[in-house]
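Just below is one structure, and these are the notes that go with it.
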Amino acid sequence: MKIDRQIGILSILLQKDTVTAPCLAEQFEVSRRTINRDIEDLCKAGIPIVTKQGINGGIAIMENYKMDRTLFTSTEMQDIIAGIRSLDSVNGTNRYGQLMEKLSADSSDFMVGNQSVLIDLSSWYKDSLASKIELIRSSIDQGRELEFVYYSPKGESQRRVEPYYLIFRWSSWYLWGWCKSRKDYRLFKLNRMDQIQISDNTFSKRQAPVPDLGGERIFPGGIAVKALFEPECKWRLVEEFGPYCFAVQEDGRLLFQADYTDKENLITWLLSFRDKVSLLEPKEIRAEMRENIERMRRKYMEEEKDGI
């Protein structure tokens, strides 16, 4: 991607006094003309780059703009590298690993360090997510609208969106953009997006606000849950809600109390514990669960009679 290459060029210029355009072109496997355009873009961004003619000439950054490499400790540099490499786990490529190798070549130990932090952002949906992320990034870079089918609890709909941010949060990937049909900014979960296409329609980028991703806004709560769990469920409660979400009762069962956001998600979550949980409150959801379980029982009984 263009921005990745420009960051790489800037990193090399910060490490070396002078580098030639042919050398950069060979290192990043692009034409010299592309390198010249990248240098122009960096200049427009306010980076004071100069070119020198002659035998010892080349491209350089003004001396007084040089970054002192000691601004980064070894630990800080390892964290930066770990973050960059983690992007390969999403894309299913080795693009960023190759970028780090190119930046490390013929340089000091600025980019080198024993890695103790490894970040893998991939998921079970890695194969489908990689292509979606690439399409969305291209759409953002080109300033072109995205078209896709979106699946939500209210049904499926055709959406046309001005994309602004790709976000990784709550163990999932999201797109933040201006939805043409809703006339507002919306957050779209990538796993619910299908038939994604980059439109021919371009758009003038708005001053898009950074989305408020606070849990209080996205998951506002509102359902006060009280339930009794069997002791063997402790590991899941600790993993999902922390060690202080329950109180151990005299009989060993765990009295769980927490705020939940969505009724359907709550019922689905409780059913995943099968007979190891009893919902106490809210009373109306307890009654609904009992009715659901009874309907399931009758359905299985009827199918058994029919020989299914």
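Every number in this text was worked out from the coordinates using simple rules, so none of it is lab data. Note that the coordinates shown come from a computational prediction; the quantities given were computed from them, not determined experimentally. Glycine also receives a Cβ, built like all others from the backbone with ideal geometry; neighbour counts cover every protein chain displayed.
Some values worked out for this structure:
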read-out: 18 Å cut-off, amide nitrogen to a point 7 angstrom out along V248 Cα→Cβ, residues in the stretch 223-239; value: 228-239
read-out: Mean projected area in nm² (Cα convex hull; one quarter of hull surface) for the stretch 219-304; value: 6.4 nm²
read-out: Cα-based reach from K276 at 30 Å (exclusive), listing lysines while leaving out same-chain residues under 8 positions away; value: K226, K234, K263, K299, K305
read-out: Calculated from backbone phi, Karplus (6.51, -1.76, 1.60) coupling profile of the stretch 291-308 in Hz, x at Gly/Pro; value: 5, 4, 5, 5, 5, 4, 4, 4, 4, 5, 5, 5, 5, 5, 5, 7, x, 8
read-out: Modelled FRET efficiency - R0 30 Å, N56 with I7, Cβ distances, 0.05 increments; value: 0.70
read-out: Quotient of C-alpha Rg and 2.2 N^0.38 Å, computed over the stretch 126-211; value: 0.99
read-out: Inter-label distance for D41 and V238, nm, one decimal - labels placed 7 Å from Cα along Cα-to-Cβ; value: 4.9 nm
read-out: Stretchable slack from Y165 to D306, in nm (0.36 nm times residue separation minus alpha-carbon distance); value: 45.5 nm
read-out: Lysines with Cα under 28 Å of K16, excluding same-chain neighbours fewer than 8 positions away; value: K2, K44, K52, K66, K102
read-out: Ascending count of other beta-carbon atoms within 10 Å, so fewest first, for R290, R32; value: R290, R32
read-out: R32-A224 pseudo-label distance in nm [points 7 Å out on the Cα-to-Cβ vector]; value: 7.5 nm
